1. Tell me, which residue of region 160-205 that is in a loop (DSSP other than H, G, I, E, B) and over 17 Å from Thr232 (Cα atoms) is farthest from the chain's Cα centre (by Cα)?
2. Where in region 64-157 are there helices (runs of 4 or more DSSP H), lying wholly inside it, with at least 1 residues that are polar (S, T, N, Q) and modelled with pLDDT of 85 or more?
3. Step by step: first the residues of region 140-174, then only those that are in contact with a Leu (Cβ under 8 Å, 6 or more places away or on another chain) and among the hydroxyl-bearing types (Ser, Thr, Tyr), then the one that is surrounded by the fewest Cβ atoms within 10 Å (Cβ to Cβ). Which residue is that?
4. Confirm whether Asn186 is within 24 Å of Ala26 (Cα to Cα), modelled with pLDDT under 90, surrounded by fewer than 17 Cβ atoms within 10 Å (Cβ to Cβ) and of a type outside the set (A, V, I, L, M).
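The values are calculated or read from the model by the stated rules, or taken from the named source; none is laboratory data. Here the structure is a predicted model, which means the values were calculated and not measured. Please note: Cβ atoms are built from the backbone with ideal geometry, for glycine as well, and neighbour counts cover all protein chains shown.
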Amino acid sequence: MLNNILLGYDDSDGSRTALAQVIDIADAAGSWVHLVNVNETERGASLEMPGSQTGAGASAVAAAQAGLDPDERPIPDYPNVLADAVETCQGAQVRCTQRGLFGNPGERLAELGRMHNMVVVGQKRPPGRGQRIGSTLNSLLRHCSVPLMVCATAYQRLTTVGVLFWDDAPSGRAMSVAAELCATMNVPLRIGLTDVDAKRAEHISREIDYAMRGFHIEYETRVVARTAADATALSATETGTHWMVMAYPPTLWPWHPSPLKTALMTPNLVRIFVP
């Protein structure tokens, strides 16, 4: 269940796009959206911004320390960088909290992500060929222990979800996340089988049919006659799928040309990486 979604937010165009995508999911799932802004410090020192954590518990403590009745506690003063995001969530009637931190953004978001169902970040621009991935995203991909959603630079309407399946445990987890998202958003799932022959594909398809019984969603399974990287790059143009769920087992590090890097280089694609 997507009960708690952590969104790394810095008021950039990419994070505002990510917020719009998250609100769609939170509205359908009834999720809490936890907005976090991390200011990078020298050597990644981890600190909490004074007075930045808000909520019923934090406000009650502050009221008690000030000698006020809990019912008379003041409305907390949100950090400016999160104010618009909080207002947007409230306007959409999506429940949210906000928190400001200091430290290494990737490490702090990954650390907090352990207590959430998904971590979401925006992307300023897809890395071009030969360019390196930003340090925050690189750190999240290495350390995030829950599904990591990396939004496209432009808003992408969720009409269908794609998942690549390699017939291994990580791919199985990715398919479960994709199916849960489809059930929440009431959209179809498209499953692509890669690196399998026809006989093996028939066996896997029967296993998938059995697994999908508990999700009550529309889905289709087909063999992708391409490498996983090529299938990812062509997902939007060939199938109209702009949301892709995929596994990233540790054995893929260090990176070689792979579906993961292809996904990050593909424009207009929302990627959900499942550890």
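1. Among them, the one singled out is Asp197.
2. On the way: elements: 80-91, 105-113, 135-143.
Fully inside region 64-157 and qualifying: 80-91, 135-143.
3. Thr160
4. Against the criterion (within 24 Å of Ala26 (Cα to Cα), modelled with pLDDT under 90, surrounded by fewer than 17 Cβ atoms within 10 Å (Cβ to Cβ) and of a type outside the set (A, V, I, L, M)), Asn186 does not qualify.
Condition check ((1) of a type in the set (Ser, Thr, Tyr); (2) at pLDDT 90 or above; (3) buried (at least 19 other Cβ atoms within 10 Å of the Cβ)) across all residues:
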position	(1), (2), (3)
Val245	no, yes, yes
His256	no, no, no
Leu260	no, no, yes
Ala263	no, no, yes
